[in-house]
Amino acid sequence: HRPELLVLDEPFSGLDPVGVATMGRVLADQASAGVTVVFSSHQLDLVEQYCRRVAIIDHGRLVAGGAVSDLTVEDPPVLLIDIHAPGTPPETIAAGAWAAALPDVTLGEPSEDRCRLILGPGADSQQVLAAAMKIGQVKHFSYERRRLSDVFLAAVKAQEPRGAATA
């Protein structure tokens, strides 16, 4: 039959990677056909991959919700930059000294061989890109995104009563 609504509980539970991909295609096909697909899952990496909108519920209360793309944006914005500069060790570039003088840009902890820059309201990402290109070939330049599991943890933690102990 052609349902208008599918409500599923943990549809990816117990599936191997081939089963997960197949189930993901089935759900995407149903959504593309106009079916509203609602499912609960603790596998937040899969939720992030297959869903456009989410609702995070803790103890029966909605604690966060919206478009995955909106929920996973870092605030303040964080740029991840990978620059290839022959003769310069990657860890030196990742440390970010080259960006220290840029207006309203703060150096974050390096992420592997990438530089992490925290952008304040007056920062200009195009100025950052231009400065990076002066150092060497820019191999990667993107805004860092939080994982949905990080969003979940922050939303649930915000709901804890002050002074509550967790185990």
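Nothing in this text is a laboratory measurement; each read-out follows from the coordinates by a stated rule. Since we're looking at a predicted model, the values are computed, not measured. Cβ placement follows ideal geometry from the backbone for every residue including glycine, while neighbour counts extend to all protein chains displayed.
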Practice prompt. Calculate the spin-label point distance for GLN126 paired with GLN159, positioning each point 7 Å from the Cα along the beta-carbon direction, and give it in nanometres.
Written response: 4.3
Worksheet, complete the sentence: When the charge dipole of the range 1-104 is computed with +1 on Lys and Arg Cβ and -1 on Asp and Glu Cβ about the Cα centre, the Cα farthest towards its positive end, among MET23, VAL63, ILE83, belongs to MET23
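What does the C-alpha gyration tensor say about the overall shape of the chain? Classify as rounded when a/c is under 1.5, otherwise prolate if a/b is larger than b/c, or oblate. The partial results should precede the final answer.
Details: a/c = 2.59, a/b = 1.79, b/c = 1.45.
Prolate, because a/c is 1.5 or more and a/b exceeds b/c.
Grab the Cα-Cα distance for VAL73 and THR92, subtract it from 0.36 nm times how many residues apart they are, and report the gain in nm with one decimal. Don't jump to the answer; show the numbers that get you there.
Working: separation 19, 0.36 × 19 = 6.84 nm, distance 2.71 nm.
Here the segment from VAL73 to THR92 would lengthen by 4.1 nm.
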Discussion item. Along the charge dipole of the chain, pointing to its positive end and built from +1/-1 on Cβ of Lys, Arg, Asp and Glu, which listed residue (HIS140, CYS51, ALA100) has its Cα farthest out?
Written reply: CYS51
Worksheet item: Using alpha-carbon positions, what is the distance between the centroids of the range 87-106 and the range 4-69, in Å?
Response: 40
Item to complete: Count charges around SER40 for me, please; just the other residues with Cβ under 9 Å from its Cβ, Lys/Arg as +1, Asp/Glu as -1.
Response: -2
Worksheet item: For the Cα atoms of the chain, what angle does the longest principal axis make with the long axis of helix 125-135, in degrees from 0 to 90, nearest 10?
Response: 50
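Determine the dipole magnitude for the range 79-167: charges of +1 sit on the beta-carbon of Lys and Arg, -1 on that of Asp and Glu, nothing else is charged, the reference point is the Cα centre, and the result goes in debye to the nearest 20. Numbers along the way, then the final one.
On the way: 9 positive and 10 negative charges, 41 e Å.
Charge dipole, the range 79-167, about its Cα centre: 200 debye, nearest 20.
State to the nearest 20 debye the size of the charge dipole of the range 21-115 about its Cα centre, where the only charges are +1 on K and R beta carbons and -1 on D and E beta carbons. Each step should come with its number before you reach the end.
On the way: 5 positive and 13 negative charges, 102 e Å.
Value, rounded to 20: 500 debye.
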